[in-house]
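The values are calculated or read from the model by the stated rules, or taken from the named source; none is laboratory data. Everything numeric here is computed off the predicted structure, so don't read it as measured data. When we count neighbours, we look across all protein chains shown, and the Cβ atoms used for this are built from the backbone with ideal geometry, even at glycine. To get the accessible areas, we keep the full protein, side chains included, count just its heavy atoms, and leave off ligands, DNA and RNA. Shrake-Rupley method; radii C 1.70, N 1.55, O 1.52, S 1.80 Å.
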Amino acid sequence: MALNLRLKQTECIARMLNLNQPINASGTANEEVYKILIFDKFCQDILSPLIHVKDLRKHGVTLYFLIDKNRKPVADVPAVYFVKPTPHNIQRIVSDASNSLYDYFHLNFSSSIPRPLLEDLVSGALNSESVERISKVHDQYLEFVTLEDNLFSLADKSCYVQLNDPKAAEREIEEIIDKIVNGLFCVLATLAVVPVIRCPRGGPAEMVATQLDRRLRDHLLVKNNLFSESGNYTSSYQRPVLCLFDRNLELAVAIQHDFRYRPLVHDVLGLRLNKLSVKGDNGGMKSFELDRLDPFWVANGSLEFPDVALQIETQLDKYKSDVAEVNKRTDGSDAEFDGTELIGNTKHLMNAVNSLPELTERKKMIDKHMNIATALLGEIKERSLDSYVKKEYEMMARGGIDRGELLAVLKGKGTKTDKLRFAIMFLISTETIPLSDVEAVESALREAEVDTSAFQYVKKIKSLNVSLASASSASRSNIVDWAEKLYGQSISAVTAGVKNLLSGDHQLAMARTVEALMEGKPNPEIESYLMFDPRAPKSGASGSHTNGPFKEAIVFMIGGGNYVEYGGLQHLAQRQQPAKHIIYGSTEILTGELSLLISLHSWDKRWGWVVLAPLLLLLPTKMHDFCGVRTKYRLWDLHIQSFVITRS
């Protein structure tokens, strides 16, 4: 059976809501108990895409509150707490128990509670003489947000800029890596699988892989561990492969405009936790949910917007045809079917009555997507988004664009962010750019009153890459020696990132790499990738079975992912013979509209000073020391495909 993260997490939440009792076939506990649910903001986001109000009622939840909300005591009812293990939440729990808000406290933490916090909880309950109210304490390992069957996020904002900030302290970097490892461990614990881990050499991907491998190994030493039920599988065909990547593998994907329905809704209308709001006909806001219960969204999310509009029209015509057929069979009028003028024989009458709920649901679905499509169409016309999509695709395919076309887009319609994204795509997709073209772009951006900090940053990085590419062979050889001494990393991994950024191939670089990793065949694109098998002996002598092939993969993007990559991976899985299964996750779901540009903007503000790699060979050793070599990770910064030294 294929891995289904949404189903697994929903089952864990249902068990938690039923006081961690076994769940029967109907999805509820054998004994119904009415209860109150208390959660923090993060755990509310975990619940939101999975559990609706009617589901809470099914599980006996009569009231639910945020933990920071002032609440009145409720007698004779147990309270289920679902919160992150933080000092603030521990204090609130102790305060609630000491004030006797509820008779029984069932505490559920989203991940493993650290021992110091557990001791704080115990001492607080003892001091307030409320220990008897604490019924149970559970580590749920649910610290991630599942948006679809095969899509999840750690909801860790600003991870991209924090990991690549040259002024970030090593302790800050370690805390971010620990948080990512903890989130991935929760995902694997929920799925009850121990994967083979693959990642590129160097950077945050290797750091996460190393720590995750260590944590899984340590946990597997426990007799009754979280993975006992999964069995000790040895065949890679029974175990998934976990592929870890860094956002800079393919920076363009996080910035470019896309015209497919799911990415467009997320980017333009601000889809969050499967919910969005659009302006209705009367000027008010209408809220909609887009999830697995919406068959139109599931079936058409990967289509281009014009095709989606045709599908809406087709669905509407079919609905009208079905309504007319019902009216005809019941000798009703030609007016829209509303179930009030049903006449005819009993058989036709019963068929019409039975079809009413289904027709009503179809009409609601059609109206919802007509509202969304209308809102999208308004934004597309106002901002000329179709032109941005077309020109960006042409730039990536041709490796450049005519100067006149370039300036026409920058001086035309679109928001400031649209123009900034387009300008950055121009830098990324064009290998050699005349200085006059760059100056013309900068001038057009200033005329549009666009903050060019992010553009300047990408321009600096491109300049570094060009300088590196033009270095003499002798210098390049020296650079390789220097790099391998400091970081153990060859130049090929650095230049591979540049090739991905400048690739005109329509298939995403990440999709190509995942395909190669799942096939397990010799491939130059992945020959430098590291492999970790937590079930293998520490000696590292893992069997050949860990090379693949794999029928299932978990792909994780460190620094933020998006719906474009998610769609690309699902397309890859479906076109395989036989079909394979891929789960996609990231530290957060980015919109090219804002998130990544803010990160690039922040980087430009935070850089102290940057030294071109070839010039490092001319500096004396003492000058290197003066510049401040902080660590091998910060000095040999593979994420930006360049060599940097920063002032401490």
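Structural remarks
- Nonlocal Lys pairs with alpha-carbon distance under 18 Å, segment 5-142 (8 or more apart, or different chains): 9
- Heavy atoms of the protein chains alone define the surface here; on that basis segment 277-318 has 61 Å² accessible area per residue at 1.4 Å probe size.
- Counting only protein heavy atoms and a 1.4 Å probe, segment 5-142 has 49 square angstrom of accessible area per residue.
- Straight-line cross-link partners of residue 167 among the aspartates and glutamates, defined as a Cα under 13 Å from its Cα and at least 8 positions apart when in the same chain: 604, 637.
- Applying 0.36 nm per residue to the separation of residue 431 and residue 115 and subtracting their alpha-carbon distance, the gain on full extension is 108.4 nm.
- Modelled label positions at residue 354 and residue 442, each set 7 Å beyond Cα in the direction of Cβ, lie 7.3 nm from each other.
- Per residue convex hull volume, Cα atoms of segment 248-304, in Å³: 116 Å³
- Spin-label model, residue 314/residue 138: points 7 Å from Cα along the beta carbon direction are separated by 4.4 nm.
- Listed peptides 365-374, 35-44, 187-196 by packing density, highest first (mean Cβ within 10 Å): 187-196, 35-44, 365-374
- Share of carbon and sulfur in the accessible heavy-atom surface of segment 5-142 [1.4 Å probe, %]: 52 percent
- Note on residue 91 and residue 452: the extension gain reaches 125.5 nm, defined as 0.36 nm multiplied by sequence separation minus the Cα-Cα distance.
- Accessible carbon and sulfur surface of segment 399-448 relative to its total accessible area, %, 1.4 Å: 50 percent
- Inter-site label distance for residue 371 and residue 293 at 7 Å from Cα along Cβ, in nm: 1.5 nm
- Applied to segment 420-430, the Karplus parametrisation 6.51 cos²θ - 1.76 cosθ + 1.60 on θ = phi - 60° returns per-residue 3J(HN,Hα) values of 5, 4, 5, 5, 5, 4, 4, 5, 6, 8, 9 Hz, with x for Gly and Pro.
- Under 12 Å, Cβ to Cβ, from residue 9 - net charge with Lys/Arg +1 and Asp/Glu -1: -1
- Residue ranges 80-93, 376-389 sort as 80-93, 376-389 when ordered by packing (mean number of other C-beta atoms within 10 Å per residue, highest first).
- Among the listed pairs 286/318; 368/390; 391/551, those beyond 31 Å (Cα-Cα): 391/551
- Reachable aspartates and glutamates, given that their alpha-carbon falls under 18 Å from the alpha-carbon of residue 157 and they are not under 8 places away in the same chain: 40, 45, 143, 165, 172, 174, 175, 178, 246, 267, 588, 593
- In a fully extended conformation the segment linking residue 28 and residue 66 would gain 11.3 nm over its present Cα-Cα distance, using 0.36 nm per residue.
- Each Cα pair under 8 Å and six or more residues apart adds its separation to the average, and for segment 5-142 the resulting relative contact order is 22 percent.
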